[in-house]
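Below: the structure, in C-alpha cells.
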Amino acid sequence: MNSIEIKKLGLRFGEVEVLKNLNLDIHDGEFLVLLGSSGCGKSTLLNCIAGLLELSEGQIHIKDRNVTWEEPKDRGIGMVFQSYALYPQMSVRGNLSFGLKNAGVPKAEIEKRISKASEMLQIEQLLDRKPAALSGGQRQRVAIGRALVRDAEVFLFDEPLSNLDAKLRTDLRVEIKRLHQRLGNTMIYVTHDQIEAMTLADRIAVMRGGKIVQLAPPTELYNKPVNKYIAGFIGSPAMNFLKGILHGGDQPYFIVEDSKFPLNGYEFDGPVPEEAEAYLGVRPEHVVIGAEAEASVAHHSVEVEVVEPMGSDTLVWTQLCGQHFRVRVDGQSELKVGDTLEIGFDPSKASLFHAQTEERL
Amino acid sequence: MSVLAYESTPEKATAKKARSVEPSGSRPTRYLDPGRIILYSVLFVAAVYYLLPLYVMVMTSMKGLPEIRMGNIFSPPMEITFQHWVKAWDSACTGLYCEGLKVGFWNSVKITVPSVIMSIAIASVNGYALSHWRFKGSEVFFTILIFGSFIPYQVMLYPLVIITRELGIFGSLSAVVFVHTIFGMPILTLLFRNYFASLPPELLSAARVDGAGFWGIFFKILIPMSVPIFMVAVIMQITGIWNDFLFGTIFAGIKNFPMTVQLNNIVNTTQGVKEYNVNMASTILTGAVPLCIYVLSGKYFVRGIAAGAVKG
C-alpha cells in the first residue's frame, strides 16, 4: 500500500518552473530520502507535500486521501525544520503541546503524549526550559518531539541535521534511524548530504532541476547510477571518470589512449553502440593494488602524485592514461609521493556513461 | 615616579624593569587615560548645553514676575512659588476659556490613547500580512502605502477636511483619531513589515503545521516575539501624536483642542501682561509626557526616534 502518492505535480513561480510533472509513490513505512544539491527543488517538493506551498498542477494523496487542497494541519503530517523553528517564547512543554492545544486534544491526552515523546527522545529534564537555553542537538530533539506528539502518519524532515556539528550529526542520524525502526511511520527526509541519504534511506530519490533523476535503494544508486551526475554525486571519495572510446560488438572493450579495457560481463542498459565516445567510471574503493592488481583484468603501473591519509584509509592521487585517477588504499600503507603503484580493477563492474548525454550505457 | 624612571642611572633602570610586569591575564583597566578625560568633558559640556534652557525654564516658572523682570535668568528664585504651575494647569486663559491646560491635557489623552491603539493594531496586522501572507498585488499595495509617507501632510489637509465632513465627524475627537490613524499607517506598516520579515519563515510554517491559522499565528507566535517592536511603535506614536499641533488645530474643534494647541494659545496671547512664569510652567507640563516616556523607556525611545526619523 502506498502512503503517499504524488501525481503529475507541477509548481511554478511566475515564469519559473520549479517542479515539472513529478510522479512519486512512497510506500507505507518507507524511509524515503530526497537528495540533491541546493536549488534542485527537494525542499520545495517537501513543502508541497506538507501543504505549505500551493501546487500549480497535479495532486497529492496521503493515505489514499486527496489532500491537494487541505491545510497542513489536516494532512496528518509532522514536520521538522533545519532551523528547528521552535517557538522562542514558549517552554519546551509549550512547544510540544501547541499543536495539540490547537487541535483541541484533552489535557490528559496531551500530558500522556508529551511524556511518551520526551521519554523517547530523552528530553524529560528539559521540559520547562526555553529553547534559548538548549543546545543545538537538544533543540533538534525538541523539534522532532513536536512532530512526534502529533501522532502523524508521515514525518517530513527538511535538512534537520544541517545546522549541527559533525559529531552530533552522526549521533542524531542514528537516532532518527532508530526512531523510524521503532515507529514504523513513513518518513520523507530532505538532505544534500549523500552520506546521510545512504545511511538512512530505504530508497533515495535524487533530484536535479526539479525532476527526480533516479529513484532507487542506496545500493543500486551506488552500483548502477543512471547518469554521470549521480555517479559523481554518490559516494565519497567521488568516482573516477576516464574519457575514451567504447567499441561494441560481441567482445566490447574500452580504449583510453593506447590502453584497452575489456568489458566482458558488463551489463549494458540498452543496445550497445558500435563505437562511441564515453566515460568509464571507476570508484576509488574498487581499485585494488599490489598482487591482487596483477590478477585483475585491467592493471597498470602508476606513479603516486599526492597522498591524503584519513586514518581508516588513504586516498592516493595518480594519473592513469594521462587522466586524473584516485585510488583508495589501506590506511596503514606507507606510500610516498613518487612511488610506483600497481593498480587494477574489474571494468565489467565499472559504469559507462555516454560522453554527450551522460546517460548510463 | 616617571621623573625617577627617566633618570638614567643603571640601577634605576633595572629597578624599573623589575617592576614592570610581564603581560598576563586580564589587562589592567586604566580609568583616567586622556581619551576618556576628553570624552567625558565633551559629554559634560554637551549635557550642560542642552540642560541649561530647561534649568532656566524651571527657575523662571518658580519666580514672581517682578523678579523675572530683573533679568537674571540664571539665578535661582529668591522665593520659590508653585502658584504659576497651579495657574497654568487650572486657570490660565486660552482664548475665551480660562480653565487652564488640564482641559487640553485630557483632550490630548483622549486623542493619543485611541490613536496609538488603533494605528498600531491596524499597522501590525498590515505588516504581518504583507510580510508573510503575500497576495497578488501585495507588493504594489505596499509601495503605494510607503509612497504615502513621502507626500507632505499639508497637501492632504483639504481633502481630509472634506472627507471628515462627509463622514460627519469633522470638529470632533474621532476626526483627529481618524487622521492620526491614517497618517501613522505608512511608517508603522513599514516598521512592522520589516520586523516580521526578519523572523524565520520556518517558524510560521511550523505553526501552520501545528494548526494555527492567520490570527492564531499572529496572536500566539508573532506578538509574544515582537514586544520590542511594539514598544518602539507605541513610543513613536505617543510622542508623535502628543506633539502634533496641525491636525489638532484643524480637525478637533475648539472644545477638543489638544494640549499643544492650548499651550500655543496661552503663550502666544497678544493681550495683557506676558506671564513668563506661567508660560514656562505650561510648556514644561506639555512636554512632560514625552519626557517621562523617554526617562521610563530608555533604549526603546532612541530606537523609536531613529525609526521615526524616516517620517520627516
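The values are calculated or read from the model by the stated rules, or taken from the named source; none is laboratory data. The model shown is predicted, which means the values in this text are computed figures rather than measured ones. Positions of Cβ are backbone-derived with ideal geometry, glycine not excepted, and every protein chain shown enters the neighbour counts.
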Query raised in the report: Going through the range A:21-67 one residue at a time, which ones are surrounded by 16 or more Cβ atoms within 10 Å (Cβ to Cβ), in contact with a His (Cβ under 9 Å, 6 or more places away or on another chain) and away from every other protein chain (no Cβ under 14 Å)?
Result: A:F31, A:L35, A:G36, A:C40, A:K42
Query raised in the report: Consider B:I169 against the criteria (1) of a type in the set (A, V, I, L, M); (2) buried (at least 22 other Cβ atoms within 10 Å of the Cβ); (3) closer than 20 Å to B:S108 by Cβ; (4) more than 27 Å from the chain's Cα centre (by Cα): it satisfies all of them except one. Which criterion is unmet?
Result: (2)
Query - Residues (hydroxyl-bearing (S, T, Y), surrounded by fewer than 16 Cβ atoms within 10 Å (Cβ to Cβ) and either outside any loop (DSSP other than H, G, I, E, B) or in contact with a Ser or Thr (Cβ under 7 Å, 6 or more places away or on another chain) (or both)) located in the range B:68-107 - result: B:Y97
Requested in this report: Select from the range A:77-99 the residues that are touching a strand residue (DSSP E or B) at 6+ places or on another chain (Cβ under 7 Å) and assigned to a loop (DSSP other than H, G, I, E, B) and write down the one among them that is nearest to the other protein chains (Cβ to nearest Cβ).
Outcome: A:F81
Requested in this report: Please tell me if A:F353 is touching a Gly at 6+ places or on another chain (Cβ under 9 Å), assigned to a strand (DSSP E or B) and buried (at least 18 other Cβ atoms within 10 Å of the Cβ).
Outcome: yes
Query raised in the report: For the range B:129-225, which helices (runs of 4 or more DSSP H) that fit wholly inside it have 2 or more residues that are within 14 Å of chain A (Cβ to nearest Cβ) and not polar (S, T, N, Q)?
Result: B:201-209
Query raised in the report: Within the range A:1-20, how many residues are surrounded by fewer than 21 Cβ atoms within 10 Å (Cβ to Cβ) and part of a strand (DSSP E or B)?
Result: 11
Query raised in the report: Do you know which residues across the range A:305-318 are farther than 11 Å from A:I343 by Cα and in contact with an Asp or Glu (Cβ under 7 Å, 6 or more places away or on another chain)?
Result: A:D313, A:T314, A:L315, A:W317
Requested in this report: Quick one: in the range A:100-120, of everything that is under 23 Å from A:L164 (Cβ atoms) and surrounded by fewer than 19 Cβ atoms within 10 Å (Cβ to Cβ), which residue is nearest to the other protein chains (Cβ to nearest Cβ)?
Outcome: A:M120
Query raised in the report: Residues in the range B:147-158: is at least one surrounded by fewer than 18 Cβ atoms within 10 Å (Cβ to Cβ) and at pLDDT 90 or above?
Result: yes
**Report entry** helices (runs of 4 or more DSSP H) lying entirely in the range A:118-237 (those with 2 or more residues that are modelled with pLDDT under 95 and over 17 Å from A:F31 (Cβ atoms))
**Finding:** A:136-148, A:166-183, A:228-233
Report summary line: Filtering the range A:179-194 for residues that are polar (S, T, N, Q), under 28 Å from A:M239 (Cβ atoms) and surrounded by fewer than 24 Cβ atoms within 10 Å (Cβ to Cβ) leaves a count of 1
